[in-house]
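Report on the following structure.
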Amino acid sequence: MGRFKAVYLVVFLLLVPVNALCEDARIDDVTVNYNSDLNLSFTVKGAFTEDIIEAINSGIPTSFTFIVELYRTRRMWFDEHLGTWRFTHTVRYDSLKEEYEVELGEKKSHVRTKDFKEMKRLMVRGENFTIKPSKKLREGEEYTLKIKAELDTIKLPFFLDYMLFFVRLWDFETDWYTHTFSP
């Protein structure tokens, strides 16, 4: 009977929701500035677990995808969707050079650094991301900005993906962060 309990325990641990394992990851430090375009900065707190750090330092490319949505708030009706923007930050560790290469999708640039803290800052920070809504924002109207971050599935070759199915436990996503503003 003890064997069945162990099997049930292992199955339970494998089926634990990912959100329960990464409760601390959240969007924070959001700033929004509006001139003719919308400029946005934010940070993801609690994104790096020990498993993710170990995977990065082992040379496995790891990506955070950021999703930004903008809506015009309308009373007594559905909010008007003004656009969705996605960008990705990807880190690759080169163990021979002992440096991290961070690809910043929103800036279409690559940054190389040997500093682990700098790599983490680059990965979790969206700085001065410019949003160009489909319609000009009107003064006095209320708008809602939603931001979410996801750690993308680590892509492994098929045979390794099949054998190492538990790697998917590294996937997570934050809850939507909502920011309401008027230009």
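Laid out as a table, the results:
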{"quantity": "For SER36, SER41, order by how many other beta-carbon atoms lie within 10 Å, fewest first", "calculated": "SER36, SER41"}
{"quantity": "Which of HIS179, HIS81 has the fewest Cβ neighbours within 10 Å, and the rest in rising order", "calculated": "HIS81, HIS179"}
{"quantity": "Net length gained if the chain between LYS146 and TRP176 were fully extended (0.36 nm per residue, minus Cα distance)", "calculated": "10.2 nm"}
{"quantity": "GLY83 long-range amide H proximity, modeled H, under 5 Å", "calculated": "LEU70"}
{"quantity": "Long-range HN-HN contacts of GLY105 with modeled amide H, under 5 Å", "calculated": "THR88, HIS89, THR90"}
{"quantity": "Label-point separation, PHE78 to SER58 (7 Å along Cα→Cβ), nm", "calculated": "4.4 nm"}
{"quantity": "Where labels lie 7 Å past Cα in the beta-carbon direction, separation of ARG112 and ASN33 in nm", "calculated": "3.1 nm"}
{"quantity": "Relative exposure of GLU50, GLU127, GLU106, judged by other C-beta atoms within 10 Å (fewest first)", "calculated": "GLU50, GLU127, GLU106"}
{"quantity": "Whole-Hz ³J(HN,Hα) from phi, Karplus 6.51 cos²θ - 1.76 cosθ + 1.60, for the stretch 118-126, glycine and proline x", "calculated": "5, 4, 4, 4, 5, 5, 9, 10, x"}
{"quantity": "Long pairs among LYS107/LYS136; LYS114/LYS146; LYS45/LYS146; LYS97/LYS146, criterion Cα-Cα beyond 27 Å", "calculated": "LYS114/LYS146; LYS97/LYS146"}
{"quantity": "Built amide H within the under 5 Å cut-off of GLU142, gap 5+", "calculated": "THR73"}
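Coordinate-derived values only; no laboratory data. These numbers come from a predicted model, not from an experiment. Please note: Cβ atoms are built from the backbone with ideal geometry, for glycine as well, and neighbour counts cover all protein chains shown.
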